[in-house]
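Structure, as structure tokens:
The values are calculated or read from the model by the stated rules, or taken from the named source; none is laboratory data. Please read all numbers here as calculations on a predicted model, not as lab measurements. Here the Cβ positions follow ideal geometry from the backbone for every residue, glycine too, while neighbour counts run over all protein chains shown. Accessible surface areas use protein heavy atoms only, side chains included; no ligands, DNA or RNA. Shrake-Rupley method; radii C 1.70, N 1.55, O 1.52, S 1.80 Å.
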Amino acid sequence: MTDRRQTTALPLAAAVLTATIALHITLIAFGNITDFDTNREFVRHVLAMDTTFRDPEMMWRAVTSKAAQDAAYLAIIAWETVAAAVLLAATALWTLGLRRGRTERARRIATVGLLMVLLLFGAGFLAVGGEWFAMWQSKDWNGLDAATRNLTLAGIVLLVIHLPGAVGRQGDTE
């Protein structure tokens with residue numbers, strides 16, 4: 001006979017890790033909303049490529065329109081906010097699911113939120129910002145370390161919530 005504590009340990013870990021990512025992305029979105037200008041400058045410099053090596057072969061990629069830069073920043077904030085809401089909902093579902101022994105829905109919703117975080121920091125910051133706009137060349141406006149941390153943390157959580165046993169019941173199909 002399996003001990004209940006043993007069967008709930010992995011779903012509990014998945015819930016706590018989802019809550020951690022939810023808190024983290026919520027604070028990121030909140031910071032960007034309440035301290036709008038700081039990271040707007042970051043986005044403007046990255047898109048303008050004005051602190052890169054300014055290689056003429058690459059500078060055609062630069063986006064210098066302040067309106068386009070601000071639209072990109074607003075899109076980032078909107079994406080972060082939706083990801084935070086999805087992950088907060090997943091956290092609530094994990095909490096309810098742990099009590100009922102049914103966590104499949106929590107895992108599905110958490111997966112959506114985590115994929116949003118992975119897309120933002122992997123595709124958005126590492127690929128587009130880091131490579132397309134050559135953010136890696138900037139000493140002042142380089143967010144690759146932070147993006148890598150966020151990508152790594154979200155990726156680890158995604159793996160944990162998909163481990164066998166991370167859902168409350170086998171075949172749980174809420």
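Summary table below
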read-out	value
Some residue of region 127-142 being under 14 Å from the mean Cα position of the chain (by Cα), open to solvent by 20 Å² or more (accessible area, probe 1.4 Å), closer than 30 Å to Glu41 by Cα and among the small types (Gly, Ala, Ser)	no
Qualifying residue in region 30-41 (condition: open to solvent by less than 50 Å² (accessible area, probe 1.4 Å), part of a helix (DSSP H, G or I) and hydrophobic (A, V, I, L, M, F, W, C))	no
Tabulated pairs, region 1-25, first under 22 Å from Ile77 (Cβ atoms) and at pLDDT 95 or above, second open to solvent by less than 40 Å² (accessible area, probe 1.4 Å) and β-branched (Val, Ile, Thr), C-beta under 7 angstrom, 6+ apart or interchain	Thr18/Thr91; Thr18/Val157; Thr18/Ile161; Ala19/Thr91; Ile21/Val117; Ile21/Val157; Ala22/Thr91; Ile25/Val117
Those helices (runs of 4 or more DSSP H) lying entirely in region 66-174 with at least 1 residues of a type outside the set (Gly, Ala, Ser) and at positive phi	none
Those residues of region 62-82 which are within 17 Å of Asp35 (Cβ to Cβ) and either open to solvent by 40 Å² or more (accessible area, probe 1.4 Å) or more than 23 Å from the chain's Cα centre (by Cα) (or both), in sequence order	Leu74, Ala78, Thr81
Number of the condition not met by Leu23 [criteria: (1) over 24 Å from Ala127 (Cα atoms); (2) loosely packed, with under 14 Cβ neighbours inside 10 Å]	(2)
Of all residues in region 96-110 being farther than 29 Å from Ala147 by Cβ and surrounded by fewer than 22 Cβ atoms within 10 Å (Cβ to Cβ), the one that is modelled with the lowest pLDDT	Gly101
Members of region 136-166 that are under 13 Å from Ala13 (Cβ atoms), of a type in the set (A, V, I, L, M, F, W, C) and either touching a Gly at 6+ places or on another chain (Cβ under 7 Å) or modelled with pLDDT under 95 (or both)	Ala166
Test: residue in region 45-52 that is on the phi > 0 side of the Ramachandran plot and either open to solvent by less than 30 Å² (accessible area, probe 1.4 Å) or assigned to a helix (DSSP H, G or I) (or both)	yes
